[in-house]
Amino acid sequence: MTQAETETDQQLVEQVLGGRNEAFNLLVWRWQRQLYNFLLRLTADRELAQDLSQEALLRSYLRLKDLRNKEKFASWLFRIAVNLYRSDRRRPKLPIEGSVPLDGLGATSGPFRPGTREMQLTLRSLVSRLTQEHREIVLLRVFHGFQFDEMAIILDCPVSTLKSRLCRAFEELRAGLESQEPPAGS
Amino acid sequence: MDCEGFREHIFEQKTKKLSTAEIKDFDAHHQNCPSCQDALRDWQKIESFLRASWPSEDPQIPFFVPPSRAHQGSWLYNVRNWVSAASTAVLAASLLLVVLLRPSVQYNRHELSFRFGQTGPPAEAQPVSQVQVEAWARNAVEQAVAQETARLQAASHSMSDSPGVEESRHLARMGVELEMLKETEASLWQQVQQHGLYLQSAWQRPSQPIGPNRAPSMSPQ
């Protein structure tokens, strides 16, 4: 087993704060893929997801001494990323030629068949049509398996609110899927 | 457990956050409520569809890596730190000495001299009033006129004993010089008046310092 697999986030954070900076490499190695994919699904833009991930990791490194619950490093890192994403959304933007949006996101052509390209596009489209708050919680719960108390830290929101939001998002997704499914017998 | 409570617990079902009693309630409601069975099945389906249809990607560029301090404990690292600290201290001490000793370098054609310590401040100029300046100028003009008059009187006395042609020539020259003196006196008075005007205007604008560099250039007329 490698060091990155055996040591907890808390231990690595304490090592970084103790002056062993290379321990942060292990934290980056552990969380960068999840962070990038969370932001990629949230923004539907690879370039933006890269930038936001990089910025979130940099900020987490620079402000690591401010982290109180060291075992909650991941929640704290994702919270930084969510805040960066929200700030980015509030900023007025011009279309940029270099940005790389996800292929076909938003297109819902073709019949809904599980396991097909149409199903992928449909599901992505349904998620993208959720409100920002619903989308954040669905992505954190479904793809990253965060608990409600962790999501409460990330999204800065009470657990009860998160549960009701997830219920509503789930109902929206279910209704969307039902409307896309082919009628029985066809 | 009612349907609302059941649906809230759907999302925590797999995370093992439910207590034993809650799991028992959850299972009991699941057995008896067909709509909640559908809800649970649909959630599991949506969750699995989403995961299957949206696979994770690897980031395309390398991520931030903090600067390594691998050599922090080595002797080279310590020496470098000490040298850096020592040079900073030397520089700070030099600056402090410069501030305290205030060395000054003076050079004339024959020697180069260094002086340390605070050189005395230049004598402060006494404030000069307009009346004083006018009095000085008047004294200077009167002195010049008196000197010239005395010189001419001496010349006329020395020539009083000489015979007629020379005497008349000297008298004529004296007359011319006297005229020139009068003209000079008038010109000097004019300059005094101009200085007085300048000083008046300067006093009316106290924010601007009065000094020789700021005096307007005045050519004698």
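Bear in mind that the values in this text are calculations on the coordinates, not laboratory data. Please read all numbers here as calculations on a predicted model, not as lab measurements. When we count neighbours, we look across all protein chains shown, and the Cβ atoms used for this are built from the backbone with ideal geometry, even at glycine.
Please rank A:123, A:64, fewest neighbouring Cβ atoms within 10 Å first, as an exposure proxy. Don't jump to the answer; show the numbers that get you there.
Numbers: A:123 23, A:64 17.
Listed from fewest to most nearby Cβ atoms, that is A:64, A:123.
Could you line up A:68, B:173, A:79 from fewest to most neighbouring Cβ atoms inside 10 Å? Numbers along the way, then the final one.
Details: A:68 6, B:173 13, A:79 19.
Fewest to most other Cβ atoms nearby, the residues stand as A:68, B:173, A:79.
Label-point separation (nm) for residue B:172 and residue B:35, each offset 7 Å from Cα along Cα-to-Cβ?
Result for the modelled spin labels: 14.2 nm.
Quick one: check the C-alpha center-to-center distance for the range A:68-88 versus the range B:14-53, whole angstrom.
After rounding, the separation between the Cα centres reads 29 Å.
Which one, A:85, A:15, A:73, is farthest towards the positive end of the dipole of the range A:1-96 when Lys and Arg carry +1 and Asp and Glu -1 on their Cβ?
A:85
Using a 10 Å cut-off around each Cβ, can you sort B:180, B:174, A:119 from fewest to most neighbouring Cβ atoms? Intermediate values should be presented prior to the final figure.
Details: B:180 11, B:174 16, A:119 20.
In increasing order of surrounding Cβ atoms, one gets B:180, B:174, A:119.
Could you work out the relative contact order of the range A:1-96, using alpha carbon pairs under 8 angstrom and six or more residues apart, expressed as a whole percent? Can you show the working numbers first?
Numbers: 70 pairs, mean separation 28.9, N = 96.
The normalised contact order for the range A:1-96 reaches 30 percent.
According to a simple spin-label model (label point 7 Å from Cα along Cα-to-Cβ), what is the distance in nm between residue A:8 and residue B:82?
4.1
What FRET efficiency comes out for the pair residue A:135/residue A:65, r = Cβ-Cβ distance, R0 = 35 Å, nearest 0.05? Let's see the in-between values first.
Details: r = 32 Å, r/R0 = 0.91.
My answer for the efficiency is 0.65.
Take residue A:58 and residue B:136, extend 7 Å from each Cα along the Cα→Cβ direction, and tell me the distance between the two endpoints in nm.
Placing both labels 7 Å along Cα→Cβ, they lie 6.6 nm apart.
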